[in-house]
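Please read the structure below before turning to the comments.
The values are calculated or read from the model by the stated rules, or taken from the named source; none is laboratory data. Remember, it's a predicted structure, so these values are computed and weren't measured experimentally. For neighbour counting, all protein chains shown are included, and Cβ atoms are generated from backbone atoms with ideal geometry for every residue, glycine included. Note: areas computed on protein heavy atoms with side chains; ligands, DNA, RNA excluded. Shrake-Rupley method; radii C 1.70, N 1.55, O 1.52, S 1.80 Å.
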Amino acid sequence: MADRRDFLKASLLGASTLALAGQAEATVSAAGKGDSGARVISTWDFGVAANQAAWAVLDKGGHALDAVEAGVMVPEADLKNHSVGRAGYPDRDGHVTLDASIMDADGSCGAVAALEHIAHPIQVARRVMENTPHVLLVGDGALQFALEQGFTKEELLTPQSEQAWKEWLKSAHYQPSINSEVRDYGKTGMPGGKDNHDTIGMLAIDANGRLAGACTTSGMAWKMRGRVGDSPIIGAGLYVDGEVGAATSTGVGEEVIRNAGSFLVVELMRQGRTPQQACQEAVMRIVKKRPNASKDLQVGFLAMNRHGEVGAFAIQPGFSYAVCDARRQDGLLPSKSAF
Ligand code: ASP
């Protein structure tokens, strides 16, 4: 946690070139003259490195879909990241189960949920999109499909993650209640609390104006076996409509699913809201419906419209998002919040 906070602080300071004062509304406007217009954004501090991998694709004139896939594979492979991919914290029974989704501007999409033993669930989600008539494969069926597609079965539980799980087991009084999980936010003031959940959600627009998005997570640490969050649910953790824009989410997935969060953000943009206004309105919908629970829980939305304009909003302070385009490679911006 200390590492993560230090990194966040350093990155925010390093982002001074972003003229943060001008970002008071946490918006990023369309690309400047002479830019290709390509841009990638993603959730949290680990989005900075992920964006750079996506940018390597966008900068060469590549497709937004290839960019977001390459981008989110960075945190999926990062052994220090315990909320995405390999080294993700396991469920309460010690199984690392991964959720991921990918979506293109034309509505094509694919997802996997509760997938075990495959290090890059985003790649399997893309294969679901491209090589099956379906949108979502789960559990053993998703694993079977991945193996048929040539992916390698691996142990994703690292010694550090196993150690953390065993520590949790010592005191674990499991309550399948959202409040037992989310109180950590309040204590630490950091979304992700004791680093028990976070997601990389990434949205990109390429030089041809094509939008795409990807979202991948190991979900809530110590979750019930079989629990699936918002990230692999199209319309909840991710939604893309090339005519309008794209949105993704992080935080307590149950709240995002209840409100079809990312779909809501895109539909609000369709009605004329800026990405910033749309994210804020979607967050406030959650707060309004559950005013008491909202005091302790975190949900953050990130959005990009078809012009490449960006917005973000969260329930609690502390949500940050990374921006990368022709003018900036390592920007990290703070989101505004309801509280
Ligand atoms: N949204 C993820 C989930 O509920 C976790 C997170 O982003 O913190 O699985």
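Given the conditions (1) within 9 Å of the ligand (Cβ to nearest atom); (2) in a helix (DSSP H, G or I); (3) open to solvent by less than 10 Å² (accessible area, probe 1.4 Å), and given that Asp230 satisfies all but one, which numbered condition is not satisfied?
Condition (2) is where Asp230 drops out.
Is there a residue being more than 15 Å from the ligand (Cβ to nearest atom), in contact (Cβ under 8 Å) with a residue 24 or more places away in the chain and within 17 Å of the chain's Cα centre (by Cα) anywhere in region 136-151?
no
Name the residue that is nearest to Thr158 (Cα to Cα), counting only residues in region 42-64 that are open to solvent by less than 10 Å² (accessible area, probe 1.4 Å) and out of contact with any Phe, Trp or Tyr (no Cβ under 8 Å at 6 or more places or on another chain).
Among residues in region 42-64 that are open to solvent by less than 10 Å² (accessible area, probe 1.4 Å) and out of contact with any Phe, Trp or Tyr (no Cβ under 8 Å at 6 or more places or on another chain), the one nearest to Thr158 (Cα to Cα) is Ala50.
From Val266, Val256, Val240, grab the single residue that is more than 15 Å from the chain's Cα centre (by Cα) and either part of a helix (DSSP H, G or I) or farther than 18 Å from Lys336 by Cα (or both). Can you show your working first?
On the way: Val256 fails: more than 15 Å from the chain's Cα centre (by Cα); Val240 fails: more than 15 Å from the chain's Cα centre (by Cα).
Criteria check complete, one pass: Val266.
Just to be sure, is Gly311 within 16 Å of the ligand (Cβ to nearest atom) and buried (at least 21 other Cβ atoms within 10 Å of the Cβ)?
Values: within 16 Å of the ligand (Cβ to nearest atom): no; buried (at least 21 other Cβ atoms within 10 Å of the Cβ): yes.
No; evaluated as a whole, the condition is false for this residue.
Which of the residues belonging to region 115-133 are open to solvent by 20 Å² or more (accessible area, probe 1.4 Å) and either without any contact (Cβ under 8 Å) to a residue 24 or more places away in the chain or under 17 Å from Ser231 (Cα atoms) (or both)?
Selection gives Glu116, His120, Gln123, Arg126, Arg127, Met129, Glu130, Asn131, Thr132, Pro133.
With the structure loaded, tell me whether Ala293 is over 24 Å from Leu137 (Cα atoms), in contact (Cβ under 8 Å) with a residue 60 or more places away in the chain and part of a helix (DSSP H, G or I) or whether it fails that test.
Working: over 24 Å from Leu137 (Cα atoms): yes; in contact (Cβ under 8 Å) with a residue 60 or more places away in the chain: yes; part of a helix (DSSP H, G or I): yes.
Here the answer is yes, as Ala293 does meet what is asked.
Does Asp325 meet the test of being buried (at least 24 other Cβ atoms within 10 Å of the Cβ) and farther than 16 Å from Ala247 by Cβ?
Values: buried (at least 24 other Cβ atoms within 10 Å of the Cβ): yes; farther than 16 Å from Ala247 by Cβ: yes.
Spelling it out, Asp325 is indeed buried (at least 24 other Cβ atoms within 10 Å of the Cβ) and farther than 16 Å from Ala247 by Cβ.
Do you know which residues across region 234-265 are among the aliphatic types (A, V, I, L, M), more than 10 Å from the ligand (Cβ to nearest atom) and open to solvent by 10 Å² or more (accessible area, probe 1.4 Å)?
Step one: of region 234-265, the residues among the aliphatic types (A, V, I, L, M) are 234, 236, 238, 240, 244, 246-247, 252, 256-257, 260, 264-265.
Filter once more, keeping what is more than 10 Å from the ligand (Cβ to nearest atom): 234, 238, 240, 244, 246-247, 260, 264-265.
Once the filter is applied, which keeps residues that are among the aliphatic types (A, V, I, L, M), more than 10 Å from the ligand (Cβ to nearest atom) and open to solvent by 10 Å² or more (accessible area, probe 1.4 Å), region 234-265 yields Ile234, Val244, Ala260, Leu264.
All but one of (1) at pLDDT below 95; (2) of a type outside the set (A, V, I, L, M); (3) within 12 Å of the ligand (Cβ to nearest atom); (4) open to solvent by 10 Å² or more (accessible area, probe 1.4 Å) hold for Ser180; state the number of the condition that does not hold.
(3)
So for region 266-277 (the condition being open to solvent by 10 Å² or more (accessible area, probe 1.4 Å), out of contact with any Cys (no Cβ under 6 Å at 6 or more places or on another chain) and within 15 Å of the ligand (Cβ to nearest atom)), does at least one residue qualify?
no
Quickly run through region 95-131 and pick out the residues that are within 26 Å of Asp206 (Cα to Cα) and among the hydroxyl-bearing types (Ser, Thr, Tyr). Steps first, please.
Step one: filter region 95-131 for residues within 26 Å of Asp206 (Cα to Cα), giving 99-112, 120-131.
Scanning region 95-131 gives Ser101, Ser108.
Could you check, for region 282-292, whether at least one of its residues is within 17 Å of the chain's Cα centre (by Cα) and either modelled with pLDDT of 95 or more or within 14 Å of the ligand (Cβ to nearest atom) (or both)? Talk me through it step by step, then tell me what you get.
Within region 282-292, the subset within 17 Å of the chain's Cα centre (by Cα) is 282-283.
Keeping just the survivors that are either modelled with pLDDT of 95 or more or within 14 Å of the ligand (Cβ to nearest atom) (or both) gives 282-283.
Checking region 282-292: at least one residue is within 17 Å of the chain's Cα centre (by Cα) and either modelled with pLDDT of 95 or more or within 14 Å of the ligand (Cβ to nearest atom) (or both).
Considering only region 195-212, I want to know if a residue exists there that is farther than 30 Å from Arg306 by Cα and modelled with pLDDT under 90. Steps first, please.
Taking region 195-212 first, the residues farther than 30 Å from Arg306 by Cα are 195-196.
Subset that is modelled with pLDDT under 90: 195-196.
Within region 195-212, one or more residues are farther than 30 Å from Arg306 by Cα and modelled with pLDDT under 90.
Do we find a residue being touching a residue at least 40 places away in the same chain (Cβ under 8 Å) and within 27 Å of Asp59 (Cβ to Cβ) anywhere in region 217-227?
So in region 217-227, the residues touching a residue at least 40 places away in the same chain (Cβ under 8 Å) come out as 217-219, 221-227.
Next, only the ones that are within 27 Å of Asp59 (Cβ to Cβ) stay: 217.
Yes.
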